[in-house]
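This report concerns only the one structure given below.
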Amino acid sequence: MSERGNDFVVVANRLPVDLTTAADGSQAWTPSPGGLVTALSPVLEAHQGCWVGWPGVADAAPEPFRTEAGVLLHPVRLSESDFEAFYEGFSNATLWPLYHDLIVTPTYDRDWWDAYREVNLRFADEVAHVAAEGATVWVQDYQLQLLPGILRQMRPDLTIGFFLHIPFPSPDLFRQLPWREETVRGILGADLIGFHLEANARNFLELAHRQGLEVRGEATTRDVTAHISLPGGRTVGVGAFPISIAAQDFGQFSDEDKRRVAQLRKDLGSPKRIILGVDRLDYTKGILQRLTAFEELLETGALDPEEVTLVQLATPSRERLDHYKATRSQVEEAVGRINGRFSRMGHPVVHYQHRGVPKDVLRCYYRMADIMLVTPFKDGMNLVAKEFVACHDDGSGALVLSEFAGAATELDEAYLCNPFDIESVKRALLNAVRALSDAPFTTTQRMLTMHEQVMSHDVRLWSQSFLGCLRITRTGTTSHAPDPHGKDS
Ligand code: ADQ
C-alpha cells in the first residue's frame, strides 16, 4: 500500500520509537510502546493507520517503516535548533508553565514562536502527504496546537480531532500569551477538541465566548454536548475525555512477580511501611514538597525512621532547562539532608533514583508500596496514580493524591491534599499511614473502589469515546472517521 493511503493518522510530537545501540555499536530504531500506543493500536491496525512524529533525536530520522502489526511510522525531522526553539523553548518554557497556572514564569520569545509555527507547518505538510482522501487525523497535545488550523486549510476533506494532555488554563491566564488569537484559531481547526476534565473544557469555551464566538451547550464527559459556531458555518465540538492506562497490563501479578515484590521489600530492609513517589523530574510534580512533608514528620517524631522508608523514582526530564536543573538540585539536596539527619549506616530513610525504570519493574514497586505519594501542583491527569491503583487489586495500600491532579476527579477515595500547604500534605500522609494500621477495612474498601474505577475506565475507553464522538461530530458531512472499536474495515 502507498504511503499516501492512510485512513487514520495519529500525530504526536514523539513517534513511539527509540534509537537503540547494540553491544557492537550498531544503532537501530525500535518501537517503544506506551499507553497511547496501546490505546490506539486496534484502530491503527484495523485502518491502515499511520503515526506521524519526531523520533526523539535531533538531526536524525529513520526512513518511514511499518511495525509488525502493519502500522506505518512516519518520522518528522527536527534540527538541533528546532529542538531548542520549538520543543525546549516555546513548548516547554512558554506553554508548559502557562498551562500549569504559572508555577514558574513563562518566557515569551518571538523567535521561539516563529519556530513553533514553522514546525507545526512542517508536521502539517507530512500529514497532508500521508493522509488518504477523507481520512481521520487525531492531533495530540500542546506542541501541535496550530496543526488543526493549518491542516484544515490544506486538506478540508479531513476529519480532525485534537486532544490536549495538559490542563487548559483559565482565560485570565491564557490571555497573557502574545499569540493567543493564532493559538485558539489553530485549535479551532479541529472538528472535536478534547480535554481531560470538564473544567478544562469550560475554560476553553469561556475563552471562545470572550473572543465573540457563539457557544452552545455545556461540556460533559465522554460526550459532545458543547459546540462552538465559527463564522462561515463550521461547528466545533468540545468535551472532556479523561485519559487512563492499559489497566490489564498493570494489574496481573504472577507468582514470579510476587516473589520479585517480596525481594524488593527485603532489599529495602523490610521496613514496616514503604512510601513511594514516581515522577518525571518536573517542577509541576511537587517532589520537593513531599520530601519536606516527610522530613517534618520525622522531625516531630510522628513518623519513625526505623519503621518507614521513602522511595523516590525520578525520570530525567528536560534537563537543559534552568527550572528543571534547579528542581533537581533542590530535590537532591533535600534527599541528602534527610538521609544525613535520620538514616542509620546502611539504612537510608530515603532511597532516590534519578533514572527511568522498566515497566515490569515499576509494576513491582507499585505493588510493594504501602503508600503512594502523588503531589503535583497541577497535572492534566497523572497516570502514576492510576497505575498504582491498578496494581492493588487486593485492596492493599493507600493513595495520597493532590487535589490539583486531574485524577482526583475520578479517584476521590484517595487521601486528598493541597500541595501548596505542607500541613495538608503531612496530614494526608499521616492519615494514610495510621489508617493502614488502625482501619484496614476502610483502607481496603477505599482502594477497591478506586481499583474498580480504574479497571472499568481504561485507556481503550478513552480512545473509543473520543473517536466515537469525533465520528458523530462529522456525521452527515464528509466523515470516514474510523469505528472507534477498530471493527469496521
Ligand atoms: P506526564 O507529565 O509525563 O504526562 P504522567 O501522567 O504521570 O505524567 O505520566 C508519566 C508516565 O511516565 C507514567 O506512565 C509513568 O509510569 C512513567 N514514569 C514516570 N516516572 C518513571 C520512572 N522513574 N520510571 C519509569 N517510568 C516512569 C502528561 C501530562 C499528564 C497526563 C499524561 C497523559 O502531564 O497530566 O496524565 O500526559 O495524558
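The values are calculated or read from the model by the stated rules, or taken from the named source; none is laboratory data. What you see is a predicted model, and the numbers here were worked out from it, not measured in a lab. Positions of Cβ are generated from backbone atoms using ideal geometry, with glycine treated the same way; all protein chains shown enter the neighbour counts. Please note that ligands, DNA and RNA were not included when accessible areas were found on the heavy atoms of the full protein model with its side chains. Shrake-Rupley method; radii C 1.70, N 1.55, O 1.52, S 1.80 Å.
Being within 30 Å of residue 225 (Cβ to Cβ), free of Cβ contacts under 8 Å to residues at least 12 places away in the same chain and out of contact with any His (no Cβ under 9 Å at 6 or more places or on another chain) narrows it down to one of 456, 463, so name that one. None of the others qualify; the one that does is 456.
Does any residue of the stretch 229-237 turn out to be crowded, with 23+ Cβ neighbours inside 10 Å and either out of contact with any Lys or Arg (no Cβ under 8 Å at 6 or more places or on another chain) or part of a strand (DSSP E or B) (or both)? Yes, the stretch 229-237 contains a residue that is crowded, with 23+ Cβ neighbours inside 10 Å and either out of contact with any Lys or Arg (no Cβ under 8 Å at 6 or more places or on another chain) or part of a strand (DSSP E or B) (or both). Of all residues in the stretch 50-61, exactly one satisfies the criterion of being touching a Pro at 6+ places or on another chain (Cβ under 6 Å) and touching a residue at least 40 places away in the same chain (Cβ under 8 Å), namely 55. When residues in the stretch 16-72 are screened for being β-branched (Val, Ile, Thr), assigned to a loop (DSSP other than H, G, I, E, B) and open to solvent by 40 Å² or more (accessible area, probe 1.4 Å), 1 of them pass. The combined condition, being open to solvent by less than 10 Å² (accessible area, probe 1.4 Å), among the aromatic types (Phe, Trp, Tyr) and more than 15 Å from the ligand (Cβ to nearest atom), is fulfilled by residue 294. Within the set 130, 76, 71, 119, the sole residue that is in contact with a His (Cβ under 8 Å, 6 or more places away or on another chain) and of a type outside the set (Asp, Glu) turns out to be 130. A search for C-beta distances below 9 Å between a residue of the stretch 375-402 that is touching a residue at least 60 places away in the same chain (Cβ under 8 Å) and open to solvent by 10 Å² or more (accessible area, probe 1.4 Å) and any residue that is within 8 Å of the ligand (Cβ to nearest atom) and part of a loop (DSSP other than H, G, I, E, B), counting only pairs 6+ apart in sequence or on different chains, returns 378/166; 378/167; 379/166; 379/167; 383/243; 383/245; 387/245.
Evaluation of residue 152 against the conditions (1) more than 21 Å from the chain's Cα centre (by Cα); (2) under 20 Å from residue 83 (Cβ atoms); (3) of a type in the set (D, E, K, R) shows that the sole unmet condition is (2). Farther than 30 Å from residue 463 by Cβ, surrounded by fewer than 22 Cβ atoms within 10 Å (Cβ to Cβ), in contact with an Asp or Glu (Cβ under 7 Å, 6 or more places away or on another chain) and of a type outside the set (Gly, Ala, Ser), is that true of residue 258? No. Among the residues of the stretch 401-411, some residue qualifies, meaning at least one is charged (D, E, K, R) and more than 9 Å from the ligand (Cβ to nearest atom). Looking at residue 264, is it in a helix (DSSP H, G or I), at pLDDT 95 or above and away from the ligand (no atom under 16 Å from the Cβ)? Answer is no for this residue. Residue-level check: of (1) open to solvent by 10 Å² or more (accessible area, probe 1.4 Å); (2) touching an Asp or Glu at 6+ places or on another chain (Cβ under 7 Å); (3) in contact (Cβ under 8 Å) with a residue 60 or more places away in the chain, residue 133 misses just (3). All conditions in (1) touching a helix residue (DSSP H, G or I) at 6+ places or on another chain (Cβ under 6 Å); (2) within 28 Å of residue 114 (Cβ to Cβ); (3) in contact (Cβ under 8 Å) with a residue 60 or more places away in the chain hold for residue 85, with the sole exception of (3).
When residue 443 is tested against (1) open to solvent by 30 Å² or more (accessible area, probe 1.4 Å); (2) within 24 Å of residue 251 (Cα to Cα); (3) hydroxyl-bearing (Ser, Thr, Tyr), just one condition goes unmet, and that condition is (1). When the criteria are applied in full, residue 238 meets the requirement of being under 21 Å from the mean Cα position of the chain (by Cα), more than 16 Å from the ligand (Cβ to nearest atom) and free of Cβ contacts under 8 Å to residues at least 60 places away in the same chain. Just one of (1) part of a loop (DSSP other than H, G, I, E, B); (2) touching an Asp or Glu at 6+ places or on another chain (Cβ under 7 Å) fails for residue 85. It is (1). Screening residue 272 with (1) open to solvent by 70 Å² or more (accessible area, probe 1.4 Å); (2) within 16 Å of the ligand (Cβ to nearest atom) gives one miss only, at (2).
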